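*Asks:* Take a look at this one; I'll ask things after.
The values are calculated or read from the model by the stated rules, or taken from the named source; none is laboratory data. Computed from a predicted model, the values in this text were never measured in an experiment. Cβ placement follows ideal geometry from the backbone for every residue including glycine, while neighbour counts extend to all protein chains displayed. For the accessible areas, the whole protein counts, side chains as well, though only heavy atoms, and no ligand, DNA or RNA atoms are used. Shrake-Rupley method; radii C 1.70, N 1.55, O 1.52, S 1.80 Å.
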Amino acid sequence: MGIKAQAPIGIFDSGIGGLTVAKEVKKLLPDEQLIYFGDTAHLPYGDKSTAAIQAYSVKIADVLIKENCKLILIACNSASAAAFELVKAYVATKAHVFNVIDPVVNYLREVHAGQRVGLIGTKQTISSGVYLQKINDLDVGIVLKSLATPLLAPMIEEGFHNENISKEIIASYLSQPALKNIQALVLGCTHYPLIKKQIHAFYEEEIDLIDASETVARSVASFLGYHQLLAKKVSGMEDRFLVSDYTVSFEETTKLFFGKQIKLQKYPLWE
Ligand code: DGL
């Protein structure tokens, strides 16, 4: 592979939520240049068909290859579930491809073998059965209990993530029989790190909450380190944040997910 350490890291998501992943990557790897792509023209992915998500994901991967990215990280759980294998085959040797599911599955094998583990995510992520399949393939006695929680992402996006309405909705999902007696819960959606505190409060801090954004950032950092692909800081190499559709509201929402407001640049997927 002619992959260069100084090349940027590409990160993509259905929209702005994947900035939670970008934020963790930036925290661990401040010297790297990020090129983020949010497919705001087509969000949400969580309710889309597998075929549609695959088509969007390949198109975005193409943009990130043209931007010369050394690694493409699919930050979106729904796209990781629906399109990882396809994107990996498409990208081939041009870049390394990561998803947000495998690092979590590896963590579960190391820490939660033999336990009951819950998973929450979009309809697409849960109905794909990808987590279940990967966990069953591990064959370490993990019993996975999954629940689609489709109201949570729009609720968080609309700013309801730290108040009574959100507390009620979270409690009503988490008290479903499907999630009884779990010892860990995978937050299988870009948006859920924002309600981690409330989920912790619901479980009275008694179970392990697995934040995919932190887990995947650690995995990318150690992969790049191991393969001597870590970049050195170069001035003038700014991070870029591309979106397939621009609105002021998308730009304002970046603060919620990235910790500070950033400038979005419109980059239509299809002209
Ligand atoms: N980014 C999506 C995910 O992680 C959530 C938002 C959407 O449905 O597009 O599954």
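*Asks:* In the range 99-116, which residues are touching a helix residue (DSSP H, G or I) at 6+ places or on another chain (Cβ under 9 Å) and either without any contact (Cβ under 8 Å) to a residue 24 or more places away in the chain or crowded, with 23+ Cβ neighbours inside 10 Å (or both)?
*Replies:* Once the filter is applied, which keeps residues that are touching a helix residue (DSSP H, G or I) at 6+ places or on another chain (Cβ under 9 Å) and either without any contact (Cβ under 8 Å) to a residue 24 or more places away in the chain or crowded, with 23+ Cβ neighbours inside 10 Å (or both), the range 99-116 yields N99, V100, I101, V104, L108.
*Asks:* Mind listing whichever residues of the range 24-45 are open to solvent by 10 Å² or more (accessible area, probe 1.4 Å) and either part of a helix (DSSP H, G or I) or among the small types (G, A, S) (or both)?
*Replies:* E24, K26, K27, L28, A41
*Asks:* Taking the range 127-176, which residues are in contact with a Ser or Thr (Cβ under 7 Å, 6 or more places away or on another chain) and part of a loop (DSSP other than H, G, I, E, B)?
*Replies:* Selection gives P150, F160.
*Asks:* Scan the range 130-188 residue by residue and report those that are small (G, A, S) and either within 16 Å of the ligand (Cβ to nearest atom) or farther than 11 Å from G118 by Cα (or both).
*Replies:* G141, S146, A148, A153, G159, S166, A171, S172, S175, G188
*Asks:* Still on this structure: Answer yes if at least one residue in the range 64-82 is assigned to a helix (DSSP H, G or I), more than 16 Å from the ligand (Cβ to nearest atom), β-branched (V, I, T) and over 28 Å from L179 (Cα atoms), and no otherwise.
*Replies:* Scanning the range 64-82 turns up at least one residue that is assigned to a helix (DSSP H, G or I), more than 16 Å from the ligand (Cβ to nearest atom), β-branched (V, I, T) and over 28 Å from L179 (Cα atoms).
*Asks:* Now for a separate question. Taking the range 217-248, which residues are of a type in the set (V, I, T) and part of a loop (DSSP other than H, G, I, E, B)?
*Replies:* Matches in the range 217-248: V234, T247.
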